[in-house]
Amino acid sequence: MRDIIGLAFMTIGFTFDVIGCLGLVRLPDVYNRLQAATKCVTLGTCSILFGAFLIVGFTAAGMKSLMCMVFVVLTSPVAAHAIARGAHKAGVKLWKDSVIDAYAEDKEGKT
Amino acid sequence: MKLFRWFLGAFILVGVVSFILIKSLPFLFYPNLPFLGFLGRALYIIILCCIFCLYRIWKGPTSADRIVAIDILGILIVGFCAILTISTRRSWYIDIGIAWALQSFISTLALSKYLEGRSFDE
Amino acid sequence: MRSKIVLFLVAFICWCLLNWIPDWQHLLVGIFVAGFVAYLTGDLFIRSPDRLSHPHRYWYFVFHYLPLFIWECIKANIDVAFRVLHPRLPIRPGIVKVKIKLKTDTGITFLANSITLTPGTLSVDVDREKGFLYVHWIDVKSKDVEEATKIVVARFERVLEKIFE
């Protein structure tokens, strides 16, 4: 029974991984790609690791997969934040149908 | 024309995924089988995601797109290592996963510093 | 000194989880390694160890913050999946500016991480002196600062204020 629940978690994980990578291909802009890819792939990988923990149980591999889950949740938003800031400072434009860009307005006002 | 392209893409994607998964369906009826059948197919799905990422690395218009794709590829490989742990019952694959997550995070930070145009110790 | 003791405990628990199931040899080596790490880098990570000794902060973190975070994360994923799979891509992106009231480093870090993993938002930059946070929003609902603050930040800030301030 525990194996079946673990396999269900892993299947949810594959689904969100595929959707996230599809968003990486389809969306038109660096920031939109970053949003779709970071959210979906983080939750997908965490779900796969949690399914692995459910199947294996409280053994060495199970505890390591739990630690890996916490680590991925903590680090991937930080990496996304760093990439977005770097891209905006490097001068990557927003998509042509974007509504507002408050950050660029404030930066021009300062200098 | 756009709708036609969407239908073509959805048809190809659903076709590939169901072709990968449908041969491993008998594990539902024989619960005592090892999981190698289903999870061995699941590895191909992660490889499909990696091919999407490689497309974005190959064809990204700016360098920021390529860095995003490299970051996502690093997280996907952690999941790959977790599936290898389950399907082969060797516990040291997850060690590779932890090390890969750490190294991928640090390399992403370094690449974004490079993108920002600053030195590493600032 | 107290921050070194806290870091020693954290490092020792991480060592025990990495070497599951611990026997006495692992514990002995772990005490030496965690003590060495805490002696070298004790003052770098934890600035104010007095805040760690209040039990009601842990209570709020486990029973108020974590269920909210997991629920918002699942909602965000379904939202993004709908937007990606829709044939016409219903997005209206833009970068808006929101106000934050938190002051501590850890609080701002947790707030930015929570914003990144919740529906349709991604934190871009922090202006610490004026208390502004720049957020990339995939579906802009209002360009005003106050209303954007009410929609994006308010539900997390209410909980995080009790934990980190």
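Within region C:92-109, can one find any residue that is buried (at least 21 other Cβ atoms within 10 Å of the Cβ), assigned to a helix (DSSP H, G or I), in contact with a helix residue (DSSP H, G or I) (Cβ under 9 Å, 6 or more places away or on another chain) and free of Cβ contacts under 8 Å to residues at least 12 places away in the same chain? Checked region C:92-109: no residue is buried (at least 21 other Cβ atoms within 10 Å of the Cβ), assigned to a helix (DSSP H, G or I), in contact with a helix residue (DSSP H, G or I) (Cβ under 9 Å, 6 or more places away or on another chain) and free of Cβ contacts under 8 Å to residues at least 12 places away in the same chain. Identify all residues within region A:49-65 that are under 17 Å from B:R90 (Cβ atoms) and in a helix (DSSP H, G or I); write none if there are none. Matches in region A:49-65: A:L49, A:A52, A:F53, A:I55, A:V56, A:A60, A:A61, A:G62, A:M63, A:K64, A:S65. The single residue among B:F105, B:F27 that is open to solvent by less than 50 Å² (accessible area, probe 1.4 Å), at pLDDT below 90 and assigned to a helix (DSSP H, G or I) turns out to be B:F27.
Yes/no per residue for (1) open to solvent by 40 Å² or more (accessible area, probe 1.4 Å); (2) more than 10 Å from chain B (Cβ to nearest Cβ):
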site: A:G6; (1), (2): no, no
site: A:D17; (1), (2): no, no
site: A:T45; (1), (2): no, no
site: A:A84; (1), (2): no, no
site: A:H88; (1), (2): no, no
site: A:W95; (1), (2): yes, yes
site: A:S98; (1), (2): no, yes
site: A:Y103; (1), (2): no, yes
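Kindly check whether there is at least one residue in region C:31-40 that is among the hydroxyl-bearing types (S, T, Y) and over 17 Å from C:T106 (Cβ atoms). Walk me through how you get there before you give the answer.
Pass one, region C:31-40, residues among the hydroxyl-bearing types (S, T, Y): C:39.
Add one more test, that the residue is over 17 Å from C:T106 (Cβ atoms), and what stays is C:39.
Yes, region C:31-40 contains at least one residue that is among the hydroxyl-bearing types (S, T, Y) and over 17 Å from C:T106 (Cβ atoms).
When you scan region B:16-23, do you find a residue that is at pLDDT below 85, in a helix (DSSP H, G or I), on the phi < 0 side of the Ramachandran plot and polar (S, T, N, Q), even just one?
Of the residues in region B:16-23, the ones at pLDDT below 85 are B:17-23.
Subset that is in a helix (DSSP H, G or I): B:17-23.
Next, only the ones that are on the phi < 0 side of the Ramachandran plot stay: B:17-23.
Checking the rest, the ones that are also polar (S, T, N, Q) come to B:18.
Within region B:16-23, one or more residues are at pLDDT below 85, in a helix (DSSP H, G or I), on the phi < 0 side of the Ramachandran plot and polar (S, T, N, Q).
How many residues, within region A:71-80, are surrounded by 19 or more Cβ atoms within 10 Å (Cβ to Cβ) and facing chain B (nearest Cβ under 9 Å)? Break it down stepwise before answering.
The initial filter retains those residues of region A:71-80 that are surrounded by 19 or more Cβ atoms within 10 Å (Cβ to Cβ), namely A:72, A:75-77, A:79-80.
Going one step further and asking which of them are facing chain B (nearest Cβ under 9 Å), we end up with A:72, A:75-76, A:79-80.
Total satisfying the criteria: 5.
Any chance region C:125-132 includes a residue that's part of a loop (DSSP other than H, G, I, E, B), modelled with pLDDT of 85 or more and either more than 10 Å from chain A (Cβ to nearest Cβ) or buried (at least 20 other Cβ atoms within 10 Å of the Cβ) (or both)?
Step one: of region C:125-132, the residues part of a loop (DSSP other than H, G, I, E, B) are C:128-131.
Retained after the next criterion (residues that are modelled with pLDDT of 85 or more): none.
Among the residues of region C:125-132, not one is part of a loop (DSSP other than H, G, I, E, B), modelled with pLDDT of 85 or more and either more than 10 Å from chain A (Cβ to nearest Cβ) or buried (at least 20 other Cβ atoms within 10 Å of the Cβ) (or both), which makes the answer no.
Could you pull out every one of the helices (runs of 4 or more DSSP H) wholly within region C:1-88 that has 2 or more residues that are under 30 Å from B:I94 (Cβ atoms) and of a type in the set (V, I, T)?
Working: elements: C:2-18, C:24-45, C:55-60, C:66-85.
Hits in region C:1-88: C:2-18, C:24-45, C:66-85.
Evaluated against (1) within 9 Å of chain B (Cβ to nearest Cβ); (2) part of a loop (DSSP other than H, G, I, E, B); (3) of a type outside the set (S, T, N, Q), A:C68 falls short on exactly one condition, (2). The residue that is farthest from the chain's Cα centre (by Cα), among those in region C:19-51 that are hydrophobic (A, V, I, L, M, F, W, C) and open to solvent by less than 70 Å² (accessible area, probe 1.4 Å), is C:L27.
Which members of region C:92-109 meet the condition of being more than 10 Å from every other protein chain (Cβ to nearest Cβ) and not small (G, A, S)?
To start, the set of residues in region C:92-109 that are more than 10 Å from every other protein chain (Cβ to nearest Cβ) comprises C:99-108.
Answer for region C:92-109, where residues must be more than 10 Å from every other protein chain (Cβ to nearest Cβ) and not small (G, A, S): C:K99, C:I100, C:K101, C:L102, C:K103, C:T104, C:D105, C:T106, C:I108.
The single condition among (1) farther than 25 Å from C:L66 by Cα; (2) within 20 Å of the chain's Cα centre (by Cα); (3) exposed (fewer than 15 other Cβ atoms within 10 Å of the Cβ) that C:D144 does not satisfy is (2).
The values are calculated or read from the model by the stated rules, or taken from the named source; none is laboratory data. Remember, predicted model here, so these are calculated numbers, not experimental data. Positions of Cβ are generated from backbone atoms using ideal geometry, with glycine treated the same way; all protein chains shown enter the neighbour counts. Ligands, DNA and RNA are stripped out before the accessible areas are found, and what is left, the full protein with its side chains, is counted by its heavy atoms. Shrake-Rupley method; radii C 1.70, N 1.55, O 1.52, S 1.80 Å.
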